[in-house]
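Quick notes on the structure that follows.
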Amino acid sequence: MIPAMFFRLAAAAFLFPALACAQGSPPAGDAAAGSQKTQMCVGCHGITGWRTAFPEVYMVPKLGGRHEAFLAKALQQYRSGARSHPSMRAIATSLSDKDIADLAAYYAGAAAKTASK
């Protein structure tokens with residue numbers, strides 16, 4: 001009985017790290033590629049002072065200058081349904097992991113814009 005248990009533990013010790021490595025890391029973002037994928041974003045996020053009326057009225061956040069990891073995580077959460085906004089969910093479900101990484105890299109590198117007088 002002990003040799004069988006030892007074998008299982010040894011096998012698990014070798015397999016778990018291999019499985020963790022097999023998952024890989026998220027793709028690296030390419031800001032230049034991301035700049036070509038913003039068509040669905042600028043309609044709301046590219047208009048200074050824009051307010052949305054669906055599903056409720058609120059100011060649409062600016063994306064430029066935000067942290068890359070935050071942007072990527074937010075898009076992943078919209079895609080999975082962990083964040084609930086019908087328009088963002090519809091857009092995010094059409095994005096691949098690479099698209100998300102590229103958009104996050106682009107907007108993280110873009111200067112934050114503020115309203116000017």
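The values are calculated or read from the model by the stated rules, or taken from the named source; none is laboratory data. Because the structure is a prediction, the values reported are computed rather than measured. Neighbour counts run over all protein chains shown; Cβ positions are idealised from the backbone, glycine included.
Of all the numbered requirements in (1) within 12 Å of the chain's Cα centre (by Cα); (2) under 17 Å from residue 105 (Cβ atoms); (3) not basic (Lys, Arg), residue 78 misses one, and that requirement is (2). Of all the listed residues (66, 89), the sole one being modelled with pLDDT of 95 or more and of a type in the set (Lys, Arg) is 89.
A quick yes/no check of all residues on (1) at positive phi; (2) touching a Pro at 6+ places or on another chain (Cβ under 9 Å); (3) in a helix (DSSP H, G or I):
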position	(1), (2), (3)
41	no, no, yes
65	yes, no, no
71	no, no, yes
74	no, no, yes
78	no, no, yes
82	no, no, no
87	no, yes, yes
90	no, no, yes
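For the range 37-55, a residue qualifies if it is touching a residue at least 24 places away in the same chain (Cβ under 8 Å) and out of contact with any Gly (no Cβ under 9 Å at 6 or more places or on another chain), and the qualifying residues are 37, 40, 41, 44, 48, 49, 52, 54, 55.
Looking only at residues in the range 20-39 that are outside any helix (DSSP H, G or I), more than 14 Å from residue 108 (Cα to Cα) and among the polar types (S, T, N, Q), the one that is modelled with the highest pLDDT is 36.
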